[in-house]
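A short write-up of the structure that comes next.
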Amino acid sequence: MKSEQALETCLCMDLRAAAHRLTQLYDEAMAASGVSVTQFSQLHKLLTMDNPNLKDLAEVTGLDRSTLGRNIRVLEKKGLVTMQVGEDARSKNIQVTAKGKTVFKEAAPHWYAVQANLKDRIGEQGRNQLNHLLGELTGAAS
């Protein structure tokens, strides 16, 4: 079907492409630490939460439990986290291991370097606009 108007680009695909490229930038910078930006972010969330389980972590990250469970199992295989039976047999609490804390500390400077570079590129006003636009698009803006 031909249209008289040129089709716009898809906002969803544009955002996904941008997110993919940003993930690559972080991952390339953090490669020496042995964790991806996704794994780093999950370790960060775990370190700031009090003995979370998968449900708690899913709520904070916005990821579904099955995706999150797969991601946590990767961290567990790397020896960065442990999962222990929680309040009942169906619940497992996640704890960052000593190795996980060390890896996080080693990865942090690489994360901060990329973060600072990106923030410098868009400036404070650009960062505020980006946060506002993302909030508007996702319904999180007040």
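The values are calculated or read from the model by the stated rules, or taken from the named source; none is laboratory data. Keep in mind it's a predicted model, so treat the numbers as computed, not measured. Please note: Cβ atoms are built from the backbone with ideal geometry, for glycine as well, and neighbour counts cover all protein chains shown.
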Within region 85-104, which residues are modelled with pLDDT under 95 and part of a loop (DSSP other than H, G, I, E, B)?
86, 87, 88, 89, 90, 91
Looking at the structure I just gave you, is residue 76 more than 27 Å from residue 12 (Cα to Cα) and touching a residue at least 60 places away in the same chain (Cβ under 8 Å)?
no
If you take just the helices (runs of 4 or more DSSP H) that sit entirely in region 1-84, which of them hold at least 1 residues that are among the small types (Gly, Ala, Ser) and farther than 21 Å from residue 122 by Cβ?
54-61, 65-77
At pLDDT below 95 and either assigned to a helix (DSSP H, G or I) or surrounded by fewer than 11 Cβ atoms within 10 Å (Cβ to Cβ) (or both): which single residue out of 131, 117 fits that description?
131
Name the one entry in 67, 82, 23 that is under 30 Å from residue 136 (Cβ atoms) and surrounded by 12 or more Cβ atoms within 10 Å (Cβ to Cβ).
23
Within region 85-100, the residues that are farther than 13 Å from residue 34 by Cα and surrounded by 12 or more Cβ atoms within 10 Å (Cβ to Cβ) are 86, 91, 92, 93, 94, 95, 96, 97
The lone condition residue 43 fails out of (1) over 30 Å from residue 10 (Cα atoms); (2) out of contact with any Phe, Trp or Tyr (no Cβ under 7 Å at 6 or more places or on another chain) is (2)
